[in-house]
Amino acid sequence: MFRGIQFIRPDTRIDFMRPRRVFFALSAVMLVGSILLVALKGLNFGIDFAGGILMEVRTEAPADLAEMRSKLSDLGLGEVSLQEFGGPRDVLIRLQRQEGDEAAQVRAIEVVKETLGENVEYRRTEFVGPTVGAELVRDAVIAIVLAMIGIMIYIWFRFEWQFAINAIIALFHDVITTVGLYSLLGLEFNLTSVAAILTVAGYSINDTVVVYDRVREELRRYKTMPLPDLINLAVNKTLSRTIMTGGSVLLVLIVLYFFGGETLSGFSLALIWGVLIGTYSTICVAGPMLIFFHLRRRGDTAPAKATGAAAADSPGPGD
């Protein structure tokens, strides 16, 4: 009978728990580094958060971005950003917020229109003020925090409290390092970035729940197996699913990154990192942290042992 291609053998026994202190140290470095990057370097806020002018235009022929950028840069309107948006005739123009009130922003828009001429179709013009930008920052933070709290409550009800705490630690790890990636590479941070972070959070917790569900099953099946051996068994049994799921998502995201245009490059790059770091945290952080928190079996009066040989009811090679 044809079983399909097996990239990872079902009897794989990789010891992920032994180097757990190395994994914890690596994760701590990434977390601290990300926090320091955001605190010292900051984020490259897009127009959604920083405020400014956004114009979507369409030219009669394929747009010459270099020429358009040269014309607009000489207007004294501050930082000007142009990028191809969709087809070669569609251009997205971003201008920094002008000093003064709304009338100053309107004047800047008129200057841009006069410079580009009448052969350009202005499909969309938006202005985001500093007050709206501050509100969007606040709402984005609230959305991320509420999502993480909701996930923790769900895990808490479905599993024991140790699972919930460890899941939220792994989730925090993935979200913070993704934000750190934006700071490190200077990627534009906007509402699309918030969507990417929430997507990373959802992907990460989905992977973690699969592993935790397997851990719970093995806790019921093997009553005396040392905890590191049991978690290793659970991680290895779900390893094929974890790698195959992450790999298939990565294939799509890589195509999106290279062929999705500049508008989607930051979004897809963040998701690529999110899939990689989410897979890493599921295997190397979420699982080993159960040992650190002394996960107990139901009915235990003492923490499950973290060392020692496997008991007589440990799985054999065929399990």
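Residues are listed down the side, and each one gets a yes or a no for (1) surrounded by 15 or more Cβ atoms within 10 Å (Cβ to Cβ); (2) without any contact (Cβ under 8 Å) to a residue 12 or more places away in the chain; (3) within 21 Å of the chain's Cα centre (by Cα); (4) in a loop (DSSP other than H, G, I, E, B):
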residue: 11; (1), (2), (3), (4): no, no, no, yes
residue: 14; (1), (2), (3), (4): no, no, no, yes
residue: 25; (1), (2), (3), (4): no, yes, yes, no
residue: 28; (1), (2), (3), (4): no, yes, yes, no
residue: 38; (1), (2), (3), (4): yes, no, yes, no
residue: 42; (1), (2), (3), (4): no, no, yes, yes
residue: 54; (1), (2), (3), (4): yes, no, no, no
Taking the stretch 56-94 and keeping only residues that are within 28 Å of the chain's Cα centre (by Cα) and on the phi > 0 side of the Ramachandran plot, one is left with 86
Looking at the structure I just gave you, is residue 184 more than 13 Å from the chain's Cα centre (by Cα) and either small (Gly, Ala, Ser) or at pLDDT 90 or above (or both)?
yes
Restricting the stretch 111-167 to residues that are of a type in the set (Gly, Ala, Ser) and assigned to a helix (DSSP H, G or I), the one farthest from residue 291 (Cα to Cα) turns out to be 133
Counting only residues that are of a type in the set (Phe, Trp, Tyr) and part of a helix (DSSP H, G or I), the stretch 179-222 contains a total of 3
Going through (1) over 30 Å from residue 79 (Cα atoms); (2) assigned to a helix (DSSP H, G or I) one by one, residue 225 fails only at (2)
Considering residues that are surrounded by 15 or more Cβ atoms within 10 Å (Cβ to Cβ) and in contact (Cβ under 8 Å) with a residue 40 or more places away in the chain, the number found within the stretch 238-260 is 4
From the option list 28, 39, single residue qualifying as farther than 30 Å from residue 291 by Cα, assigned by TED's automatic domain parsing to the domain that holds residue 273 and not β-branched (Val, Ile, Thr) is 39
Of the residues in the stretch 273-295 that are part of a loop (DSSP other than H, G, I, E, B) and of a type in the set (A, V, I, L, M, F, W, C), the one that is surrounded by the most Cβ atoms within 10 Å (Cβ to Cβ) is 295
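The values are calculated or read from the model by the stated rules, or taken from the named source; none is laboratory data. These figures come from a predicted structure and were not determined experimentally. Heads up, the Cβs are rebuilt from the backbone with ideal geometry, glycines too, and the neighbour counts pull from every protein chain shown.
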